[in-house]
Each structure stands twice: as structure tokens, then as C-alpha cells.
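Taking it in order: structure first as C-alpha cells, then the write-up.
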Amino acid sequence: MEFKSIFSKNNDYLIIPIETGYIGPNESLDPILNKAKTFIEDGDFLVIAETPISVSQGRLVDESKYSPSLKSWFLAIIWSKYLWGYLLGPIIKIKKRTIKNLRKLPYESIAHKEVVLDLYGWKHALKPASEAGIDLSNAPGNFVSLLPENPKKVAIEIKKDLQKDVNVMIIDTDATYKRNNTYFTGLPIAIDGIKSNNGFFGYLFGQFSENAGSTPLASSDKISVKEALKIANIAEDYQKSLSTSMSTIHDAKKVLNQESNNITTEILNSITHTPAVIVRKIDKK
């Protein structure tokens with residue numbers, strides 16, 4: 001079977017996309033695994049985004065069931081929208097796209113902050129956006145997806161199912177930062193060698209450090225942080241190049257041409273998803 005592929009920026013890796021429909025709540029990951037089995041070879045990396053795994057596990061939260069409090073109102077409107085959107089963000093020069101998104105935070109963001117406070121506490125809720133790896137962009141209606149449960153175990157099980165000598169990685173678009181020889185992230189989890197669960201403080205300190213790229217949450221095999229970040233960034237660069245890329249809720253609204261609370265599973269299934277890619281080292285001998 002033929003497959004479409006592209007080369008990485010440095011032409012040292014081949015990228016083979018795994019395209020599927022939308023993998024819904026409590027559905028199997030077979031659409032990813034069956035296609036991967038067709039193309040994958042020994043020595044490859046299978047890099048999977050965290051969201052389809054989370055949704056498959058049913059790790060969804062209905063934010064409409066949370067009643068906003070004064071604390072969540074402060075965090076969403078005063079802290080994130082105004083202090084970070086108009087003052088702190090520009091001062092420390094966070095991404096312009098992030099500033100733009102913060103300035104147009106909707107009223108629903110108050111309930112979202114309540115969810116973060118309830119599940120992860122102040123350390124993560126203080127982060128102005130992308131708190132604790134919660135994904136708003138690939139879930140229907142008022143639902144959001146949390147990070148996968150035990151992604152290391154999932155990666156190992158997927159490798160076993162593939163029956164190939166490959167490395168299965170699960171990644172998140174939230175950043176890993178580097179300061180001197182230390183790697184860290186605000187996310188609650190990451191591979192060994194990356195200090196995790198730093199929440200807002202990891203994000204703040206990260207603004208004065210090197211952004212090393214997307215965060216590898218888990219790997220089926222032992223891997224250095226440097227190599228894991230390289231593979232994760234190759235996969236993420238490809239994902240971002242797609243017209244259907246939905247890394248934020250604003251992207252989802254644009255791609256699906258719908259307001260977030262109108263997005264259904266059927267609408268999510270109306271586009272082609274690329275939840276995983278195979279990354280293959282090119283032998284230049």
C-alpha cells in the first residue's frame with residue numbers, strides 16, 4: 001500500500017502521517033494502530049498526540065456542570081484576560097498569538113478556571129492559558145479532555161500491539177523549557193529527565209529560558225530528553241503545517257466554522273484528523 005510522506009526540515013527524517021476520522025469518547029485506538037501497522041518498520045518512532053488517547057479513555061469533563069466562583073472569575077477575567085493579556089504578557093513578551101487569545105477570553109473561561117482549580121489547584125490555575133494540559137479544542141460541546149491516564153503504560157501496550165521494534169511516544173503541544181542543563185515543564189507529567197508538575201511557576205520561569213518545544217509525556221522505550229524532544233518537534237512541526245490543525249479552541253472554531261458549544265462529535269468527524277505520525281530516520285549511506 002502506498003503512503004504519503006514528507007521530509008523533515010533537515011531532510012534527515014521521513015514523516016508518514018496516520019490519518020483517521022475522529023476518535024470519540026471510549027472508542028478504540030484501532031483506527032490509529034491498524035494504519036500504523038501497515039507502514040511502520042523496525043527502528044521507527046510512532047508519535048501520538050495526547051488528546052485522542054485521553055478521549056479514547058473517556059477522560060472528559062463537562063465544564064457546564066461547574067458553577068463559577070469568585071476565585072475563578074478573578075483568575076479568568078482579572079488575572080488572565082487583563083493582567084496577562086494587557087500588562088504582564090506584553091512586558092515579558094509572551095507569544096503575540098497568546099496575547100491576542102487572552103484578550104478575547106469568553107465568559108465560558110470562568111467555568112474553565114473553576115475546573116482547573118477543582119482538579120489541579122492554584123499552581124496550575126494561575127497559568128493564564130493551557131492549564132495542566134487540558135485540551136478544549138478536540139472535544140464536543142462544553143467538554144474538555146484531561147491528559148491521558150498512565151501514558152507510559154499506554155505507550156508500552158501500543159508497542160506490544162504493533163509487534164515491531166519501535167518507540168511509541170505520546171506528546172503534548174505545551175512547552176518544555178531548558179535552563180542551563182535542566183529541562184522542565186508546567187505540565188503535570190513528562191518523561192524522565194524533564195521536571196514536571198511546575199504549573200504556573202514552570203511557565204513563568206520558562207519565559208526567561210529556552211523553549212525546547214513540545215513535551216514528550218511518555219515513551220515506550222528509554223530515550224534521552226534531547227532525542228525525545230527532537231522527535232516530538234519533528235512530529236509537531238508537521239501537525240502545525242496541516243490546514244486542519246486545531247491546537248487551540250480558536251483554531252477549532254476556524255477549522256470547523258462553529259462556536260465551541262455547537263461542536264458535536266459528528267462535526268469533529270467531518271474532517272480528516274492526523275492523530276499520529278511515523279517518524280523514520282533516513283539512512284544516508
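The values are calculated or read from the model by the stated rules, or taken from the named source; none is laboratory data. The shown structure was predicted, so the numbers you read here are calculated from the model rather than taken from an experiment. Cβ placement follows ideal geometry from the backbone for every residue including glycine, while neighbour counts extend to all protein chains displayed. These area figures cover heavy atoms from the full protein model, side chains too; ligands, DNA and RNA do not enter into them. Shrake-Rupley method; radii C 1.70, N 1.55, O 1.52, S 1.80 Å.
Tell me yes or no: at least one residue of segment 148-165 is more than 20 Å from residue 53 (Cβ to Cβ) and either in contact with a helix residue (DSSP H, G or I) (Cβ under 8 Å, 6 or more places away or on another chain) or of a type outside the set (A, V, I, L, M) (or both). There is at least one residue in segment 148-165 that is more than 20 Å from residue 53 (Cβ to Cβ) and either in contact with a helix residue (DSSP H, G or I) (Cβ under 8 Å, 6 or more places away or on another chain) or of a type outside the set (A, V, I, L, M) (or both).
Residues in segment 19-32 that are open to solvent by less than 40 Å² (accessible area, probe 1.4 Å) and under 17 Å from residue 157 (Cβ atoms): 23, 29, 32. Within segment 228-285, which residues are more than 20 Å from residue 24 (Cα to Cα), open to solvent by 50 Å² or more (accessible area, probe 1.4 Å), assigned to a helix (DSSP H, G or I) and at pLDDT 85 or above? Correct list: 230, 237, 240, 241. Does residue 184 fit the bill of being open to solvent by 20 Å² or more (accessible area, probe 1.4 Å), aromatic (Phe, Trp, Tyr) and closer than 18 Å to residue 131 by Cβ? The answer is no for residue 184.
Starting from residues that are of a type in the set (Phe, Trp, Tyr) and open to solvent by 10 Å² or more (accessible area, probe 1.4 Å), keep the ones in segment 42-86 and report whichever is nearest to the chain's Cα centre (by Cα). Ranking the qualifying residues of segment 42-86, first place goes to 45.
Please indicate, with yes or no, whether at least one residue in segment 155-172 is on the phi > 0 side of the Ramachandran plot, aliphatic (A, V, I, L, M), surrounded by 22 or more Cβ atoms within 10 Å (Cβ to Cβ) and out of contact with any Lys or Arg (no Cβ under 7 Å at 6 or more places or on another chain). Looking for residues that are on the phi > 0 side of the Ramachandran plot, aliphatic (A, V, I, L, M), surrounded by 22 or more Cβ atoms within 10 Å (Cβ to Cβ) and out of contact with any Lys or Arg (no Cβ under 7 Å at 6 or more places or on another chain), one finds none in segment 155-172, hence no.
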